[in-house]
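Read the structure below first, then the notes.
Each reported figure results from applying straightforward, stated rules to the coordinates on display, with no laboratory input. Everything numeric in this text was worked out from a predicted model, so none of it was measured. Heads up, the Cβs are rebuilt from the backbone with ideal geometry, glycines too, and the neighbour counts pull from every protein chain shown.
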């Protein structure tokens, strides 16, 4: 069901891009911005793992430096029938974890020192299994494709806005629907793209929870871990965390900022919903 939902949302996002192209018209500037946006996201796909690991001052560890964690990751990766990812540790008291890497052969699992202290062995194994699921399900690729399309829509919207401000005349045959087309391109389409992008992010979290529960064999331990991590996230904000990378973590590290936010604009499903689904999985 989550895979189907992701497919439908990707199709909707692609359709939105086509609609924006029709509303804006065939300006050469749109093609230029399209190429720029795709180039930026191509670079992000290849180098985002290095960038985000450096951003959080994550340090690689080997079996001698963190034997329990390393062996846990190795055992779960073997159980999931996937390559052994690189293992990193982030020095912060706030419990959290994320996965990165452009494909399973270049996967990375990063956990904080705080999560290693806050969770018991079974709960931490559930979290690691969740992150391995993101790698196994190629969520990094999916998020890059989504970001590329959403980025193009935003670029075109921005360009249309400046064209309107500067009074650029595109001609009668290329007016893209007049004021209605302009409003759609500048306001409606970027907002819709953002909502679809967040919807896909939430669907991938559900899928990773389910796959992680299968890998670890203990969905209830993962459910317990999510509740603990959320509790800490609401009372302590990770210093290095940024909105641009918050979707990567198993629980949004910025949960404690700004109070309650509409679920439409959330990068993650509610923890209560995730726990309920994991409990159903355990019963099955």
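Counting other Cβ atoms within 10 Å as a rough exposure proxy, the listed residues 47, 98 run 47, 98 from fewest neighbours to most. Across the range 63-134, Cα-Cα pairs more than 17 Å apart make up 35 percent of the total.
At a Förster distance of 35 Å, what's the computed FRET efficiency of residue 55 paired with residue 179, Cβ-Cβ distance as r, to 0.05? Once the sixth-power term is evaluated, E becomes 0.25. Ordering 235, 134, 268, 247 by the number of other Cβ atoms within 10 Å of each residue's own Cβ, fewest first, gives 235, 247, 268, 134. A simple spin-label model places the labels of residue 240 and residue 103 2.7 nm from each other, with each point 7 Å out along Cα-to-Cβ. Using 0.36 nm per residue and subtracting the Cα-Cα separation, the extra length available between residue 71 and residue 122 on full extension is 17.0 nm. The residues 255, 270, when put in order of fewest to most other Cβ atoms within 10 Å, stand as 270, 255.
Could you tell me the calculated FRET efficiency between residue 231 and residue 46, based on Cβ-Cβ distance and R0 = 45 angstrom, to the nearest 0.05? The formula returns an efficiency of 0.80 here.
Across the range 76-120, the relative contact order, built from alpha-carbon pairs under 8 Å that are at least six residues apart, equals 40 percent.
Annotation: extensible slack from residue 138 through residue 191 equals 16.5 nm (criterion: 0.36 nm per residue apart, minus Cα-Cα distance).
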